[in-house]
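Engineer: Got a structure for you, questions after.
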Amino acid sequence: MSKRFTETDKWKDPWFRKLTPVMKCFWIYLLDNCNNAGVWNIDWELAEMLIGSPLHIPDISGAFDDRIVWMDEQYLQVKGFIKYQYGELSENVKPHRHVLSLLEKYGLREGYPKGIHTLKDKDKDKDKDKDKDKKGIQGETNYIIPDPKTEPAKCLVLTYKTMLGLRHDDRLWDKKHFPRNMTAATEILHYCVDLATAEKCLRDISENMEKADRSWTLETIAKHAPEWLKKNGRTDANASRAGLRMAIAERSRERTGKGDLVPASSGSVLDAFRPGKDLQPADQANGQ
């Protein structure tokens, strides 16, 4: 049985005191059931059974939005868990190595020690850096388009991203904005159930906002989603690929030197969305 540090004064903390009994139970459950990197493999059914109450994503987001990170539909991480349990991580401390390996596994290693490198390792890292420079900031050659069936929240964020006029493979935007928008996307899908309905909700509400000359974000859409759903209901789930395909087609256009638009179909990203083809990394779609 694993043992962990716990803050006994949390019961005196105004933040914790104001939580509902269900949210108190969920927070303690989360701290006990996340792994050593503070990552919880999301299992709502088990959590609800053990806590003895239904759990709702909007309630969880509202209560813990500044304390957890929604990595995707499968995982979330408790932000302060590692620092509280281990302090500063070091490769020289044996128990810390397992935590660092977990962070590596989930792509969360950035900001933590990279470990002791041999000269060969350093040379390999330099080669990797050179490869990254060749690929460019966008990382176009290895950007993987998410599968609407297994990663609908990621697809919804990607649709939102392209609607803003950004490239679908803009990794700088992903690094800064993706986690927060994953929370909003997950909440929208919680209401809309399927991706097709969520995309229609996104487009309808955003169009109304723009007509009224009002700014909007994915969080704005999440806020208005229940009201929209009451008026419109769900759409055909079989159209789940359409919105994402249209968004990329509309926004993935590049200007030539003369200022003319080059049709997005001339690029290879859309190949992944053509009938009969599975989603694949952009470099495979390019035939590289």
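Engineer: Rounded to the nearest 20 Debye, what is the dipole magnitude of region 12-91 about its Cα centre when Lys and Arg each give +1 and Asp and Glu each give -1 at the C-beta?
Structural biologist: 500
Engineer: Could you work out the relative contact order of region 1-116? I mean the mean sequence separation of Cα pairs under 8 Å and 6+ apart, divided by the number of residues, in percent.
Structural biologist: Relative CO of region 1-116 lands at 24 percent.
Engineer: Another one. At each listed q (0.11, 0.14 Å⁻¹), what is the log10 of I(q)/I(0) that the Debye formula gives for region 1-116 modelled as equal alpha-carbon point scatterers?
Structural biologist: Those come out to -0.39, -0.63, one per q.
Engineer: Could you tell me which of rounded, prolate or oblate describes region 55-95, using a ≥ b ≥ c as the square roots of the eigenvalues of the alpha-carbon gyration tensor, with rounded for a/c under 1.5 and, failing that, prolate when a/b is larger than b/c and oblate otherwise?
Structural biologist: Judged from the Cα gyration tensor, region 55-95 comes out prolate (a/c at least 1.5, a/b above b/c).
Engineer: When you count, for each residue, the other Cβ atoms within 10 Å and take the mean per peptide, how do 45-53, 81-89, 158-166 rank with the highest first?
Structural biologist: Top of the packing list down: 158-166, 81-89, 45-53.
Rule-based calculations on the coordinates, nothing more; no lab input. Quick caveat, the model's predicted, so the values are computed rather than measured. As a convention, Cβ positions derive from the backbone with ideal geometry for all residues, glycine included, and neighbour counts pool all protein chains shown.
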